[in-house]
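Reviewing the structure listed below.
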Amino acid sequence: MNVLTSAQMRIAEALCVEREGITYLELMERAGRESASIIMNHTLPCNVLVLCGKGKNGGDGFVIARYLSQAGYKVKILLVNGRPKAEDAIKMQSQIDRFNIETDFYIDSVEDIKSSLDFADIFVECIFGTGFAGAPDARTAKLIYAINTSGKDIYSIDVPACVDCDGATVTGTAVKAAVTIAISSLKIAHIMKSTACFCGKIEIADIGITADEHIGAGSDIISFISENEVKSILPQRPCLAHKGTFGHALNICGSMRMQGAAVLAAKGACRMGAGLVTAAFPDAAYNAVSPKLTEPLLLPLPCDEQGFLTADAFEEIDEKMQKSTAVLAGCGLGVTQGTKQIIQLLLLNSQAPLVLDADALNIIAENISLLKKSNSNIVITPHPGEMSRLCGKSVDEISANPVRTALLFAKEHNITVVLKGANTVVCAPGCPVYINSTGNPGLSRGGSGDLLAGMIVSLLAQGMSTFSAACCAVYLHGLCADRFAQTASTRFMLPGDIADNMPELLKDF
C-alpha cells in the first residue's frame, strides 16, 4: 500500500483534475461527502460541532456540515480562525446558508464558545489538515485542550490538527482523534507510531484519485510491505537443494565484553535460512560463545588484552570472506585501533554484500568516505544515535523526519539504509521508501539489532538484493515479536525469545 506526503497528495489532485476534467471544487465536494458518510456509519444522528479552519480543510468541513444536516444531524459550525480564505472553501461556506446551520466564531477565549462546545455530542475537526507544521499558538492550543478533555469523540479530517503530516513528531498540543478520515490515501502521520497515536482509528475516504496518480518526476514512493509480498520474494527452498544452495554468511561480531552480540547475530543468520554461517569473534570469548552456538562454524580470531579483535585477524577474515556470499560486521565489535583497521580493510576488499551495524557504523562515522570507496553492495542498520554520528544531524532532527534522513543518506552514499525505530525505515536508491508496520516495545532491548542484522545478512547470503533482504528481515523481525507478544509479556521479552520463536512464525512463509 502506498503512502503519500502532502506534496505528493497535491500532485495527485492536480493530475486528477487534469486527466478527468473535473475541478478542485468537485474534489472538495467528494471529500466532504465521503467523510460525512464515514461519520454517519459510526454515529446515529446527534449534535455535531464542525470546527473549520480558513483553508481547504475547513472547506471540507462545510461540505460535511451540509451532508450531516441533510441526514438529520443537528449541526453547528465553529470558525476557528475567522472566515475562510481559500476560494473553494468560501464557495462551500456559501452553500450552507439555506440549511439553517448556526455559525460561531472562536476569538481567543474558550469560555466565550462554551455553549458551542457544550452543544456538541461529537466534534468534526477540520482546522489545518495536511498543511500544518511546527507548534500551535497559545490560542489554538487552548481550544485543542478543551476538545481533547471534553470526553467527546473527535473525528479529524485528513490529519488531526497540529500533527505534522510528513513528520514523525508532535510539537506542543495536538488533537487526539477517535477517528481520522484520511482523504484518498494514507499519509506518513497515519503510520508513524509517534503520530498515529493521535489519529485513533483510521479510515480512508475514496474520492476517485487512483493510487498511481501521485507519482511525478523525482517523486519517491513510500509504502508498506505486506505479508503476501514477503512470501512472494523470500528465497524458495527447492526439494533438491543442499547447503550450498542457500549461501554462506560470515559474521564478524562480538568482543570479550559483548560476546552476546556474536551469539544473537549468528542465531539470526541461522534461523533465516543461510546454508552456512561462520561466526568470527575474538578468541578470548571462545569459552563464552561456543557453548551457545552449535549450528554455525566458529572462527576464533586474534585479539588484544581487552578482548577486541586486532588487525592481525584480517588475514583469516579475508580468507573466509572469499568463500562467503554475504558479510556482517560490527555487532559488539568495539571501537579500537584494531577494529578500525579491520572495518577499513573489509570495506576496501570485500566483493560480497556487506551489512554494517553498531560499532562498524561508529568507526565509519570517523571516515565516512569509506562507504564510497567500497565495491560492495552495502546495508547499514543504524539506530538514531548512530545515524546522528553518520550524518551530523541531531537525534531530535532525525526522529522528527526519519524518512527524509534515511532517504537522503541512502542516495548520497548509494547504499541501503535501515534506520531503526518504532517504525523502522528502509531506503535505497531507485527503490520505494519502506516504512515498517510490525514490532512492539518488547524489541526495545540491547541485542534486538544484532538479531536483525543476522537476519539481513542471511537473506543476502541467499541471493536477495540489499533492499529486499532488509525489508523482509525488518518485517519478519517485528512480526515475530508481535506474534510472541500475543502469549507473553513485551516487558519481559528478550531477543533470544524472538530467535527461538522464528521457526513457528516462518512456517507460514
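The values are calculated or read from the model by the stated rules, or taken from the named source; none is laboratory data. Worth saying up front: this structure is predicted, and the values here are computed from it rather than measured. We place every Cβ from the backbone using ideal geometry, glycine too, and count neighbours over all the protein chains shown. Please note that ligands, DNA and RNA were not included when accessible areas were found on the heavy atoms of the full protein model with its side chains. Shrake-Rupley method; radii C 1.70, N 1.55, O 1.52, S 1.80 Å.
Using the Cβ-Cβ distance between LYS85 and ASP121 with R0 = 30 Å, the FRET efficiency computed as 1/(1 + (r/R0)^6) comes to roughly 0.55.
Modelled spin labels at ALA133 and ASN440, positioned 7 Å past Cα toward Cβ, are 3.6 nm from each other. The distance from the alpha carbon centre of segment 1-52 to that of segment 359-406 is 38 Å, rounded to a whole number. Label-to-label distance, ASP206 versus PHE509, with points set 7 angstrom from Cα along the beta-carbon direction: 3.1 nm. Evaluated on segment 1-98, the Kirkwood hydrodynamic radius is 14.2 Å, with distances taken between all distinct Cα atoms. When Rg and Dmax are taken over the Cα atoms of segment 442-506, they come to 11.7, 36 Å. Under the shape rule built on the C-alpha gyration tensor, where the axes satisfy a ≥ b ≥ c, segment 261-312 is prolate, since a/c reaches at least 1.5 and a/b is greater than b/c. Of the solvent-accessible surface of the chain, computed with a 1.4 Å probe and all protein chains present, 49% belongs to carbon and sulfur.
Loop exposure criterion: trypsin sites (Lys or Arg not before Pro), DSSP state outside H, G, I, E and B, at most 10 other Cβ atoms within 10 Å. Applied to the chain, the longest stretch between such sites is 1-490. Pairs over the 32 Å Cα-Cα cut-off, from the set LYS323/LYS507; LYS340/LYS411; LYS231/LYS323; LYS76/LYS187; LYS193/LYS323; LYS231/LYS292: LYS193/LYS323. Under the classification rounded if a/c is under 1.5, otherwise prolate if a/b is larger than b/c and oblate if not, where does segment 52-114 fall, given a ≥ b ≥ c as square roots of the Cα gyration tensor eigenvalues? Oblate, since a/c reaches 1.5 and b/c is not below a/b.
Each principal axis of the Cα cloud of segment 140-299 was evaluated for its coordinate range; sorted largest first, these ranges are 63, 40, 31 Å. R0 = 22 Å: FRET efficiency of ALA241 with ASP497, Cβ-based, nearest 0.05? With a Förster radius of 22 Å, E is 0.15. With all pairs of different C-alpha atoms in the average, the Kirkwood value for the hydrodynamic radius of segment 388-438 is 10.9 Å. If the chain linking THR43 and ASN367 were pulled fully straight, counting 0.36 nm for each residue of separation and taking away their Cα-Cα distance, it would gain 110.7 nm.
When DSSP beta bridges are restricted to pairs lying wholly in the chain, around 15% turn out antiparallel.
Coordinate range of the alpha-carbon atoms in segment 355-490 per principal axis, descending: 46, 36, 27 Å.
Evaluating kT/(6 pi eta Rh) at 10 °C and 1.306 mPa s, with the Kirkwood radius of the chain over Cα pairs in the Stokes-Einstein relation, gives 64 µm² s⁻¹.
Extents of segment 326-389, largest first, come to 28, 23, 21 Å (Cα atoms, principal axes, whole angstrom). Here r is the Cβ-Cβ distance between ILE22 and PHE99 and R0 is 22 Å; the resulting FRET efficiency, rounded to 0.05, is 0.35.
Taking 0.36 nm per residue of sequence separation and removing the Cα-Cα distance, the GLU305/ALA7 pair yields an extension gain of 101.7 nm.
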